[in-house]
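Below is one structure, written out as structure tokens; comments come after it.
The values are calculated or read from the model by the stated rules, or taken from the named source; none is laboratory data. What you are looking at is a predicted structure, and each value in this text was computed from that prediction instead of being measured. Cβ coordinates were reconstructed from backbone atoms using ideal geometry, including for glycine residues, and neighbour counts include every protein chain displayed.
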Amino acid sequence: MRKHIVAGNWKMNLTFTEADELLDELMSELEKVELPRDEQVIVCPPFPYIEMASDYANDSYFLVGAQNVSDKEKGAYTGEVSAEMLESCEIDYCIVGHSERRAYYGETDATVAAKVNQLLAHGLKPIVCVGEVLEEREANRQFDVVKTQVEGGLFHLDAEQIKQVIIAYEPVWAIGTGKTATADQAQEMHAHIRSLLAGKYGQEVADEISILYGGSCKPSNAKELFANPDVDGGLIGGASLKAADFMGIITAF
């Protein structure tokens, strides 16, 4: 059975003290609930707080992920962080190809593929983001856009490697805009992604891969979104910065 996953992407937010307080509150709240065996909680803080988050994770029920990784193994790449470094910090997951990385830093499907390779080589599980912008959806190109991203970023992997990947669908037009894809729209795209995986790797493999929704998921809509058969959780942005909101999404399962 594939995992249900709620991952919090803090992006470039919070001071050290604020991060410490949020992690402490999250740990306390998680102690009050009994998570289903098939549910995982992941926290993805900014790089300076990775070690602090890992210390909290040792005593709690969440795992830690990074928000980005270099596509290079090592060397003279000032400011970059390698997969080997993350491995040495005992990090479990890493977000790759987020829409903001694609839009602001020019990351391509080839960049995503290279980063995925680096992570898998060092035992980390990539959370690979795909999704269309508003103009692409309005032109009814969303399925072709996502197909190109999935194929370009992931289809070089073999069946065993793809099982280590988590996919997050981001309707980019619904991130930070107050708009949210309907539960039916989310299910439609998640089913499309799973069909692409099935066409390449077979249905059995496709059914093992968790596909998360990453577009303005909130406590108020999480239960409806997660009720869909192909929506296996969420990649949460703003709502992960408040423990109460994040817990409301975590307990939606």
Within the set of pairs 6+ apart or on separate chains, which have a first residue in the range 24-43 that is of a type in the set (D, E, K, R), a second that is buried (at least 16 other Cβ atoms within 10 Å of the Cβ) and part of a strand (DSSP E or B), and C-beta atoms under 9 Å apart?
-> Asp38/His4; Glu39/His4; Glu39/Ile5; Glu39/Val6; Glu39/Gly233
Lone qualifier among Tyr77, Tyr56, Tyr93 - being among the aromatic types (Phe, Trp, Tyr) and in contact with an Asp or Glu (Cβ under 8 Å, 6 or more places away or on another chain) = Tyr56
Within the range 206-225, restricting attention to residues that are crowded, with 17+ Cβ neighbours inside 10 Å and out of contact with any strand residue (DSSP E or B) (no Cβ under 7 Å at 6 or more places or on another chain), which residue is nearest to Glu31 (Cα to Cα)?
-> Pro219
Count, please, the residues in the range 226-253 that happen to be farther than 20 Å from Ala206 by Cα and either of a type outside the set (D, E, K, R) or part of a helix (DSSP H, G or I) (or both).
-> 17
Scanning the range 154-183 for residues that are touching a residue at least 24 places away in the same chain (Cβ under 8 Å) and among the charged types (D, E, K, R), the one surrounded by the most Cβ atoms within 10 Å (Cβ to Cβ) turns out to be Glu170
Yes/no for Phe253 being of a type in the set (A, V, I, L, M, F, W, C), in contact with a strand residue (DSSP E or B) (Cβ under 8 Å, 6 or more places away or on another chain), farther than 15 Å from Ile166 by Cβ and surrounded by fewer than 19 Cβ atoms within 10 Å (Cβ to Cβ) = yes
Of the listed residues (Ala53, Ala83), the one being buried (at least 21 other Cβ atoms within 10 Å of the Cβ), out of contact with any Lys or Arg (no Cβ under 7 Å at 6 or more places or on another chain), at pLDDT 95 or above and more than 18 Å from Ala239 (Cβ to Cβ) is Ala83
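Within the range 51-71, can one find any residue that is outside any helix (DSSP H, G or I) and more than 25 Å from Leu22 (Cα to Cα)? Talk me through it step by step, then tell me what you get.
Taking the range 51-71 and keeping what is outside any helix (DSSP H, G or I), we get 58-71.
Now narrow it down to the ones that are more than 25 Å from Leu22 (Cα to Cα): 70-71.
Checked against the condition, which is being outside any helix (DSSP H, G or I) and more than 25 Å from Leu22 (Cα to Cα), the range 51-71 yields at least one hit.
Yes or no, residue by residue, for (1) farther than 26 Å from Val41 by Cβ; (2) touching a residue at least 24 places away in the same chain (Cβ under 8 Å); (3) touching a His at 6+ places or on another chain (Cβ under 9 Å); (4) part of a helix (DSSP H, G or I):
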{"position": "Glu73", "(1), (2), (3), (4)": "yes, yes, no, no"}
{"position": "Ile91", "(1), (2), (3), (4)": "no, yes, no, no"}
{"position": "Cys94", "(1), (2), (3), (4)": "no, yes, no, no"}
{"position": "Tyr104", "(1), (2), (3), (4)": "yes, no, no, yes"}
{"position": "Glu107", "(1), (2), (3), (4)": "yes, no, yes, no"}
{"position": "Leu119", "(1), (2), (3), (4)": "no, yes, no, yes"}
{"position": "Cys129", "(1), (2), (3), (4)": "no, yes, yes, no"}
{"position": "Val145", "(1), (2), (3), (4)": "yes, no, no, yes"}
Determine which single condition Pro36 fails, assuming it passes every other condition in (1) crowded, with 16+ Cβ neighbours inside 10 Å; (2) in contact with a strand residue (DSSP E or B) (Cβ under 9 Å, 6 or more places away or on another chain).
-> (1)
Just to be sure, is Ala7 of a type in the set (Gly, Ala, Ser) and part of a helix (DSSP H, G or I)?
-> no
Can we say Ala198 is surrounded by fewer than 22 Cβ atoms within 10 Å (Cβ to Cβ), hydrophobic (A, V, I, L, M, F, W, C) and touching a residue at least 24 places away in the same chain (Cβ under 8 Å)?
-> no
Look at Ala222 and say whether it is more than 28 Å from Lys115 (Cα to Cα) and over 15 Å from the mean Cα position of the chain (by Cα).
-> yes
